[in-house]
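So the structure is just underneath, and the comments pick up after that.
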Amino acid sequence: MTKQAKISQIKREAAERINDICPDWKQSNLTARAVELINSRAINGELTQSEQSEWSNMMQIWQAIKQIRTDSDIAENTVNTLQTIEEIEAFSW
């Protein structure tokens, strides 16, 4: 397996992990809802307790997605440092 093939595998797995947490359609809905909540805060000066709870839940999902992206970036960078096919094939994240 080449470095590029391993990196492609990491990218696919990262996308699957993210999709398991929050599929694309849900990410789009959360983005739209985030805009609504930001607008509500701008107009009203603060979010209601319900809106704040919703915002916190959305941020937890976003943090999980960001962590997967960070981990996959680290994994890709690590693969680029590997020297042999055996090291590349043995690598997992």
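The values are calculated or read from the model by the stated rules, or taken from the named source; none is laboratory data. None of these values were measured; they are calculated from a predicted model. Please note: Cβ atoms are built from the backbone with ideal geometry, for glycine as well, and neighbour counts cover all protein chains shown. Keep in mind that these areas ignore ligands, DNA and RNA; they rest on the heavy atoms of the full protein, side chains included. Shrake-Rupley method; radii C 1.70, N 1.55, O 1.52, S 1.80 Å.
Some points to look at:
- Heavy-atom accessible area per residue - the chain, 1.4 Å, Å²: 69 Å²
- Rounded to 10°, Cα long-axis angle of helix 3-21 versus longest principal axis of the chain: 30 degrees
- Computed from the C-beta positions of ARG12 and SER40 and an R0 of 35 Å, the FRET efficiency is 0.40 to the nearest 0.05.
- In units of the rule-of-thumb radius 2.2 N^0.38 Å, the range 29-93 shows an alpha carbon radius of gyration of 1.81.
- Degrees between helix 24-44 axis and first principal axis of the chain (Cα, 0 to 90, nearest 10): 40 degrees
- Nitroxide proxy distance, nm - points 7 Å out along Cα→Cβ at ARG33 and GLU89: 4.6 nm
- Look at the alpha carbon pairs under 8 Å that are at least 6 residues apart: their mean separation over the length of the chain gives a relative contact order of 52 percent.
- Carbon and sulfur %, accessible surface of the chain computed with the full protein complex present, 1.4 Å: 51 percent
- Three-way shape call for the range 9-54 based on the alpha-carbon gyration tensor, with the a/c threshold at 1.5: prolate
- Extension gain for the segment ILE61 to MET1, taken as residue separation times 0.36 nm less the Cα-Cα distance, is 18.3 nm to one decimal.
- Packing, taken as the mean count of other beta carbons within 10 Å per residue, orders the peptides 19-27, 42-50 from highest to lowest as 19-27, 42-50.
- One chain, two ends: THR78 and SER50. Fully extended at 0.36 nm per residue, the span grows by 5.8 nm beyond their Cα-Cα distance.
- For the chain, the longest principal axis of the C-alpha atoms and the axis of helix 49-81 are separated by about 20°.
- By the rule of a C-alpha distance below 24 Å, with chain neighbours fewer than 8 residues away ignored, the lysines paired with LYS26 are LYS11, LYS66.
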